[in-house]
């Protein structure tokens, strides 16, 4: 725990600290107090809220690998693929796989045991493997959706075919956020073409809970920034002068209204925004980081520079109390062809930054209460597509967790002998969501929102917490 | 249940959960019999108790348990009544005597359940509350179809509205019309007084925004102030109701409910290039005050209604766009699933929009709270399944299905277009067949098989001598080019595409790889604003379907402005050129799948000569030249194959139960008798529309007038505007709601008449000022003791900014999307139009997943969802937008410029004028002085940055104008 990183601001604290002062509110105290009581204990829907039970993690970093990394080439060793290479898949195609599977294709990479725990990881991820004892590898995931769009929506929102709030929005709705000077749910370089803003949208939840994008798929990270975080024309001191004038007008309006929680909220939001606008650019500016840290993430070195910067930003956001941080590698993992060449290239881009992130979080004591999640929207078939490719596989794939509240050095669940289908201790995406919420102190069955006549959940009507992986 | 009750902190968002939130007062030791189960009791059990029992107890105490422990069953009422080996475990009404409660409290060390871990405290307390309530438990009751405990016909919303007598009141001079009497009676009953009337400036600002979404003009305010007649405000209302902007404002309200968008959204975000016709239809309909019952019939079944003339027929067709606008998961591989998803979406929007019922909940199981069995759902589903929404064999063949569009033109014109399209399709089919045969030859893929815009090497402008080759085995069309590894730097090939539309395209290059190829072939893309050279290693196989490599995504203008140039400059080894392809951004994956599938589909066949392919191409070109003028098209419904639906077990279209005849909701059978049977010749949409729009229907008029109330008052009557079912809120003023519903129907379902009556009431004209005593009693203003202060919605904010800055373009109707007539629209292109236009917000294309920033931060209705009531949130992102967005900066500069250009005025007069424009009121002396001081100080502070005095002056005034636009007074209606 790093209590000093968090400034759990109550609204009252904020008013007290606020530079321009809201002391006049005390004068209208009676009315203001009742207004506040009516509006809830706090005006601010993003204020931190107590979880359902003590959490094991206070924030989450999701390292998303769009396109679908192959489990049998990364974290789920299948030696039988080598023995039975080029044979047909021995049983009928799993449900949902529309094309006849090709022949079994062994992994071009070697698996080795790593760490004290001896979990097996392929040579694609040598650096991540050095943190093997921190990884909680789930080898039995399964999902819905044979196409990228469906599976990405399933992973991000729990529904492959309906528009639903994203997991980050649910979490923000459930817990609020700890640093009011930053958005509570940040997605760095999100995809634009597939799923797009739906993957971090709030759907029927109020818009305050939607994710805030920093850059996008197509902007290099060196230029990535939050929308409208800077005034392109006005220097900060002049802007403060202008804001003071705006606030004067606003307070006059509020005085006429005698008391109004909405107007108060707007006044407050201006101060928050002004602080955010000074705070956020400082955060995305990494020039103050040491050379050693930059090296750790592979920054300023090809090919790790871009993803390294994303991971470093994720850490910087995490240490300042952002609740949900997503980092998206580009849509690169979809190797229907050129598995060997492209999986190697992709892994090279992310391996060192991810390992750097894990080590950095650990050194700073953040890993204890930060949950790190790695994976794609589905896995790939152990059978070949063409000579050197693998097709989509929603029926069995691997993701891993690390940090806050999960057992390290663990491989949970299993796919069949060839890695096609999850068979043992199966974990559905709903179960993963339930588990993530649980680690954050939320009961997925109680985190609900009333819409269109019923109470919706991230996990719909399903989901079980995967207890064996809890530390 | 919303454990975290955020709806309270999201400022005006309603607490709709009151019913569930307040655990029911313990009714004492009530004997619970099945017939005494209350709705509340069952709901509490279902929400709070059953989940705990299922999760924590069933493992050992249910019929399904591996081993039943202690002989105790907790999976039925009978089970716990009988109890286990040690007798009954629950004494209804008395937690202290209930062994189950002792066990979960863990106070007795010998009796602790669940054995491994004590339940969380809230769950224990829920169980206690439940027992105290008398342990209501519906399980084991002979459940017919629904656990709905209140006889269905008795839920208030299913009863016909009644004409209540006007209530007696004391303050007889307050009511202006019966609406006020109903409001006042309630207030007096609670010993509250209505707030006094608001001032005239506030009133006209309120009315103008409510009816037109725009601020009042200075001269309009002056005229109203000068008019001392009794009906001065009535004149204002009538004038506003007659303005064309009324239809724009109220049409937009309905678009929220109709989940309107100009694109499909989801993963194939195609343009709905004709959706705008539905939008414009609504604007016309609201301006003409088309009876709402008529509007219902037209939107659900306009295609089946007779029309007196073409214009009417086209309008009615266009109206059915209502059914077509939903998001469609076009990539869904299972046809039945996709069809049933669309049917579900149509049922959802229809029942929520018109009836305030959540019928979609009954897709997988009987509705949990409303008397809507799954059977009813599939009766309705049959009607929509008999309606053809999709075209399955749409062009391009093999691609996803397309939504149906119908011509708004004389049949012969439409037929000419159709025939021509059929002829083209036929030729294309022959061409494709030819192409498929050809691909079986040693050689390659036919460009006609590939998606996107393919330019074969035969279409390149060549410099230097290139050799045609067919030596390799995989290439596009009849050959490819190679440079013979000679004349380096002398040879190039230029490809100039004719692009159908402006936008972003991924540019791809096809070459034929081999070991002896050059590793650094320079390929230069000349795009709209940039040229970029990419070096291609031709020894490596292309990555996209073994044919293409991507050169990146670029912006291009429509027409022949772009180019791709391949050179052999500086290369070592052979340079090959096969083709160039332009793929609209966002379509890359689609293209890839198509070509991938095609590649797999290759099979041996007979050779077809190139000459015949060329012949076909020539024919096609000739045919295209003769294309008849396009006819306007509208997204419109059409009856398809008439069929009944079979129940989809658990909502799974592959697990079918019994067939259900098409029909409506059984709960209203007696109140609104449906036709004896639906014709086998038609879908039944027309009958459904008549049934919904019937004067007998207890829901339709109530739901409609409640919506009108919300748009004018910002809250209450029925707060859950889209849900009048058991989980919806109850009306605060049921008599008033019925009064309005009955008058609405009597007056021919006229929106304008009800709006007028509501606005001329004393209730509407009250001040929004606070009354501390009333506030203490009724902080949420449920009883309407004052007018609600409301924030402007996203469109009104943008339109008001443009109106004040003088930039607003009031042109009505038409499409702003540049993607018309595109075979597939890259919807993102349309979003460019959002930024530049100064038209009213209504006309900005609504692109799902890509709404403008201002809309996103100010709670625009999510275009995927039926939205009867928008959220009103307050967040720092709004402040960031207000302070920093280019839009706000540009508009405040425009406005400042206009103010300074008024030559006759002095600065104090300029401030006065700015205040009137922004707030509809004069600036007081103090405010004027403050404003002038701010401008002077700001201008002085600028000296270090800006040497030019005139510029400093403009910047200071801009900052002042910007401040007014960013202030709360601008953004709220008092």
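The values are calculated or read from the model by the stated rules, or taken from the named source; none is laboratory data. Computed from a predicted structure; not experimentally measured. A quick note on method: Cβ atoms are made from the backbone with ideal geometry, for glycine too, and the neighbour counts reach across all protein chains shown.
Okay, here's what the table says:
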read-out: Helices (runs of 4 or more DSSP H) lying entirely in region B:315-395 (those with 1 or more residues that are within 23 Å of residue B:695 (Cβ to Cβ) and more than 14 Å from chain A (Cβ to nearest Cβ)); value: B:321-324, B:374-385
read-out: Count - residues of region B:724-736 that are in a helix (DSSP H, G or I) and out of contact with any helix residue (DSSP H, G or I) (no Cβ under 6 Å at 6 or more places or on another chain); value: 1
read-out: Failed item, numbered, when residue A:292 is tested on (1) more than 14 Å from chain B (Cβ to nearest Cβ); (2) in contact with a helix residue (DSSP H, G or I) (Cβ under 9 Å, 6 or more places away or on another chain); value: (2)
read-out: Those residues of region B:521-551 which are surrounded by fewer than 16 Cβ atoms within 10 Å (Cβ to Cβ), in contact with a strand residue (DSSP E or B) (Cβ under 6 Å, 6 or more places away or on another chain) and part of a loop (DSSP other than H, G, I, E, B), in sequence order; value: B:528, B:539
read-out: Pick from region A:231-262, criterion modelled with pLDDT under 90 and surrounded by 17 or more Cβ atoms within 10 Å (Cβ to Cβ), ranking: farthest from the chain's Cα centre (by Cα); value: A:257
read-out: Single unsatisfied condition, residue A:428 versus (1) more than 20 Å from the chain's Cα centre (by Cα); (2) more than 14 Å from chain B (Cβ to nearest Cβ); (3) surrounded by fewer than 23 Cβ atoms within 10 Å (Cβ to Cβ); value: (1)
read-out: Output for region A:249-268, where each listed residue is farther than 20 Å from residue B:199 by Cα and more than 7 Å from chain B (Cβ to nearest Cβ); value: A:251, A:264, A:267, A:268
read-out: Candidate set: region A:163-208, residues that are at the interface with chain B (Cβ under 8 Å from one of its Cβ atoms) and assigned to a helix (DSSP H, G or I); chosen: the one surrounded by the fewest Cβ atoms within 10 Å (Cβ to Cβ); value: A:197
read-out: Where residue A:287 falls short, out of the listed (1) crowded, with 19+ Cβ neighbours inside 10 Å; (2) away from every other protein chain (no Cβ under 14 Å); value: (1)
read-out: Conditions (1) under 24 Å from residue B:808 (Cβ atoms); (2) at pLDDT 95 or above: number failed by residue B:928; value: (1)
read-out: Selected residue (only one of B:385, B:394, B:379 is in contact with a strand residue (DSSP E or B) (Cβ under 6 Å, 6 or more places away or on another chain) and within 28 Å of residue B:138 (Cα to Cα)); value: B:379
read-out: Residues (part of a strand (DSSP E or B) and more than 24 Å from the chain's Cα centre (by Cα)) located in region A:403-421; value: A:414, A:415
read-out: Output for region B:837-860, where each listed residue is farther than 18 Å from residue B:877 by Cβ and within 14 Å of another protein chain (Cβ to nearest Cβ); value: B:846, B:847, B:848
read-out: Selection status of residue A:310, at pLDDT below 90, over 30 Å from residue B:934 (Cα atoms) and either within 7 Å of another protein chain (Cβ to nearest Cβ) or crowded, with 21+ Cβ neighbours inside 10 Å (or both); value: no
read-out: Check on residue B:374, crowded, with 23+ Cβ neighbours inside 10 Å and more than 19 Å from residue B:658 (Cβ to Cβ); value: no
read-out: Test for residue A:220: is it more than 19 Å from the chain's Cα centre (by Cα), surrounded by fewer than 22 Cβ atoms within 10 Å (Cβ to Cβ), more than 7 Å from every other protein chain (Cβ to nearest Cβ) and over 20 Å from residue B:877 (Cβ atoms); value: yes
read-out: Matching residues, region A:440-458, being surrounded by fewer than 24 Cβ atoms within 10 Å (Cβ to Cβ) and more than 22 Å from residue B:869 (Cα to Cα); value: A:441, A:443, A:445, A:446
read-out: Scope region B:552-573; condition within 19 Å of residue B:489 (Cα to Cα) and either crowded, with 22+ Cβ neighbours inside 10 Å or free of Cβ contacts under 8 Å to residues at least 24 places away in the same chain (or both); matching residues; value: B:564, B:566, B:567, B:568, B:571
read-out: Segments classed as helices (runs of 4 or more DSSP H), wholly inside region B:863-974, with at least 2 members that are in contact with a helix residue (DSSP H, G or I) (Cβ under 9 Å, 6 or more places away or on another chain) and more than 8 Å from every other protein chain (Cβ to nearest Cβ); value: B:886-901, B:907-919, B:925-941, B:949-966
read-out: Within region B:64-149, helices (runs of 4 or more DSSP H) holding 1 or more residues that are at pLDDT 80 or above and within 30 Å of residue B:362 (Cα to Cα); value: B:77-82, B:121-132
